[in-house]
Amino acid sequence: MFEEKAVMTEQEADAALAFCAGQVEDNLPRFTTKFQKAYSESGFYQPIENNYWTTGFWTGEIWLSYEYAKEKGQARAEKFRRAGEIQIESFLERIDKKIEVDHHDMGFLYSPSCVAGYKLVGSEKGREAAVKAADQLITRYHPVGEFIQAWGPMDAPENYRLIIDCLLNLPLLYWASGETGDRKYRDIAEKHIHTAIKNVIRKDYSTWHTFFFNMETGEPDHGATCQGYRDGSAWARGQAWGIYGCALAYKYTGREEYIDIFRHVTQYFLEHLPKDMVPFWDLEFTDGDDQPRDSSSASIAACGMLEMAKSLREGEAEVYHRYARQLIKSVFDNYAVKDKSVSNGLVLHSTYSNHSPYNTCDHKGVDECNSWGDYFYMEALMRIHKDWELYW
């Protein structure tokens, strides 16, 4: 499959990272004490306060730029470091004051910002903030059902559900157990992983966006979408979260069955890609459909494949390396920003939330850059560029 497609080389990844770091540097005057909005408007991000679930991705771009500049011996590495530490202070204030933290996205917020800063430069404020974020995340755990609730009041039946995205929030809990020596974080993460993978992946290895449980018994109830085209379709970003989530699930649990599930979830994703390998916003659509793309899904999936390849035998690992490099090559060739006058982001043609007659989501950030798309594109480039120690 896709044998004819070119792969991104280490040299191309290096050049792409250089551009990305330059774009991040250019953005620092406007986005050091402020954060990028979740999505661009007409190609350009506007500044917001640190009060949304996506702000950690922008800080993650700063830390990736720091890593790249430091490796190259560039003086601007210190500029990135200072900006990252300023943003960590904001994240510590946010968790201390409980500013918009009553949801499951603590990992998205605190892993690429504060855990990254602690790993890279030993930021004690980053460590403190991230442990507190882990404490916040486990308050959303339901022993009845054994899962972390995504959104909304904890005592509301209409919110008694998990979503596939949360698989990327769980590494924060494993990190917290490692740092504190307290197994409670790890134990909750492992229970959620098992519940999620058992229920959110369908028999054909497509994925549900959300899955509901019976509030009284904890028994599985039904799957539904919020952001996909319809309940029975496969929302592209959700499938990509499944790919990366299964890779991380295996990394942290060592359960062999998660490798096989990864293979099948990834195969479903690949089999539903258009010719250029960058998915439409829902895998229901393909070449010829008048629908927006979601370039962010390609980058997320590539990161998951590159992570899983670390644990596979050489022949199979190479297969996933090839797919990941092909995905990122297409993103770079056809979707990445190359003219700074067009956008202050990194990757065009992402979709945050596309309304349809069959879903409940708002219509926003369609055919724009978005913050996670930019971050995971940079992460994938860094993974191709070197043996990268992940923030997750």
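The values are calculated or read from the model by the stated rules, or taken from the named source; none is laboratory data. No experiment lies behind these values; they were computed from the predicted model shown. For neighbour counting, all protein chains shown are included, and Cβ atoms are generated from backbone atoms with ideal geometry for every residue, glycine included. What goes into the accessible areas is simple: the full protein's heavy atoms, side chains included, and nothing from ligands, DNA or RNA. Shrake-Rupley method; radii C 1.70, N 1.55, O 1.52, S 1.80 Å.
Things worth noting here:
- Charge dipole (region 234-392, unit charges on Cβ, about Cα centre) - positive-most of S330, F269, M382: M382
- R0 of 45 Å, Cβ-Cβ distance D231-E78: FRET efficiency to nearest 0.05: 0.35
- Two-site FRET efficiency, K340 against K198, from Cβ-Cβ distance with R₀ of 56 Å, rounded to 0.05: 0.75
- Here the accessible area is traced with a 1.4 Å probe on the protein chains. For region 1-116, carbon and sulfur cover 50 percent of it.
- Ratio of the Cα radius of gyration of the chain to 2.2 N^0.38 Å, where N counts its residues: 0.91
- DSSP H segments from the chain that extend 20 Å or more along their own axis, Cα-based, with Kyte-Doolittle mean of 0.5 or above: 295-309
- Where only DSSP H runs of four or more residues are counted, the chain gives -16000 deg cm²/dmol as its mean residue ellipticity at 222 nm, each run worth -39500 (n - 2.57).
- Under a model in which nothing but the beta-carbon of Lys, Arg (+1) and Asp, Glu (-1) is charged, the chain shows a dipole of about 800 debye around its Cα centre.
- Sites listed here are trypsin sites (Lys or Arg not before Pro) in region 118-190 whose DSSP assignment is loop and whose Cβ has at most 11 other Cβ atoms within 10 Å: R183.
- Sites listed here are GluC sites (Glu not before Pro) in region 206-293 whose DSSP assignment is loop and whose Cβ has at most 10 other Cβ atoms within 10 Å: E216, E256.
- Region 292-392: GluC sites (Glu not before Pro) in DSSP coil with no more than 16 other Cβ atoms inside 10 Å: E389
- Region 24-103 pair-distance distribution - Cα-Cα, 10 Å bins, rounded %: 19, 49, 27, 5, 0
- Taken as Cα centroids, region 101-159 and region 323-392 sit 24 Å apart, rounded to the nearest whole angstrom.
- The share of accessible area on region 227-291 that comes from carbon and sulfur is 40 percent, using a 1.4 angstrom probe.
- Computed as a quarter of the hull surface, the mean projected area of the alpha carbon convex hull for region 175-218 stands at 4.2 nm².
- Where the chain is the region considered: accessible area per residue in Å², 1.4 Å probe: 37
- Cα point-scatterer Debye curve for region 31-171, base-10 log of I(q)/I(0) at q = 0.09, 0.16, 0.20 Å⁻¹: -0.29, -0.83, -1.15
- Accessible surface of region 301-392, 1.4 Å probe: 47 percent of it comes from carbon and sulfur atoms.
- H363-I99 FRET efficiency (beta carbon distance; Förster radius 35 Å; 0.05 resolution): 0.85
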